[in-house]
Amino acid sequence: MARNIISLHLDNSKGIEIIGNPFQSIQSSYKVYEKQNIKQYIEIRNKISDQLLTFHDRANKIVESFASGFQKSALALISFYISAIIIKLIGKPVFKDIFTIDSTILSSVFICFSYIYYRIALWEVKEQRKRFIGSYKNMKQRYLDLLDVEDIKRILNDDKEYYADLSFLDDKQQKYANLWKYYLLGLFIVTTSLFLYYHH
């Protein structure tokens, strides 16, 4: 920068004699350069902050997707059981022999399919978690060309928000997974118990 400004202040007719005041021009140019770099630095920081919010939303969506799968599965099974009970009561308005061998087998098949759906949903959450981790690491890697490692650590708050999102994701996944499993197991036990009670 200084070299370029000094070259503009050289008097071509007198060799290397400098005319004017190049020092002030150098100072002014440096201030402009500094402001531009600070502006770019702030823009980069803002972009990283925006991406952190995106990662936070992404973690929420992964959990919401798994929870939505559980709700749909639970609603479908409850609807089936209610329908089976209502149809049976319409034909015979006595709460007896609701779970015949046919309805018990059909209920067990529904529960098995729900369990398969649970395993697929759980696998999907784990895959999304891997992609979440990979995307975060790639984001940090991209900014290494522009910022210092320590500066990135400071902007990202030493990955505290990232680990908080991972902890939130794992905690919610575990809770919904347990709830889903116990719900299916409970329905299976109730169905089997009622069938055995009415037929023995």
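Every read-out reported here was derived from the displayed coordinates using simple, explicitly stated rules and does not represent laboratory data. A quick note: this is a predicted structure, and the numbers were derived from the prediction, not measured. Every residue, glycine as well, gets a Cβ built from its backbone with ideal geometry; the counts of neighbours run over all protein chains shown.
Each residue of region 107-113 is assigned a 3J(HN,Hα), and the resulting list reads 4, 5, 5, 4, 5, 5, 5 Hz, derived from the Karplus form 6.51 cos²θ - 1.76 cosθ + 1.60 (θ = phi - 60°), x at Gly and Pro. Values of log10 I(q)/I(0) for region 118-184 across q = 0.11, 0.16, 0.18, 0.23 Å⁻¹ run -0.38, -0.65, -0.74, -0.98, by the Debye formula with one identical scatterer at each alpha carbon and no solvent.
Given R0 = 35 Å, the distance between the Cβ atoms of ASP158 and LEU179 translates into a calculated FRET efficiency of 0.55. Pairs with C-alpha atoms separated by more than 23 Å, drawn from the list LYS130/LYS153; LYS160/LYS181; LYS47/LYS140, are LYS160/LYS181.
Mark the label point 7 Å from the Cα of GLU43 along Cα→Cβ and return the residues of region 111-136 whose backbone N is within less than 19 Å of it. Backbone N within reach: none found. Taken along the Cα-to-beta-carbon direction at a fixed 7 Å, the label points for TYR197 and ASP170 span 4.1 nm.
On the beta carbon distance between THR54 and SER79, with R0 = 45 Å, the FRET formula returns roughly 0.80.
Spin-label model, LEU106/ILE189: points 7 Å from Cα along the beta carbon direction are separated by 2.6 nm. Which aspartates and glutamates, if any, have their Cα less than 17 Å from the Cα of LYS72, not counting same-chain residues under 8 positions apart? Hits, sequence-local ones excluded: GLU64, GLU124.
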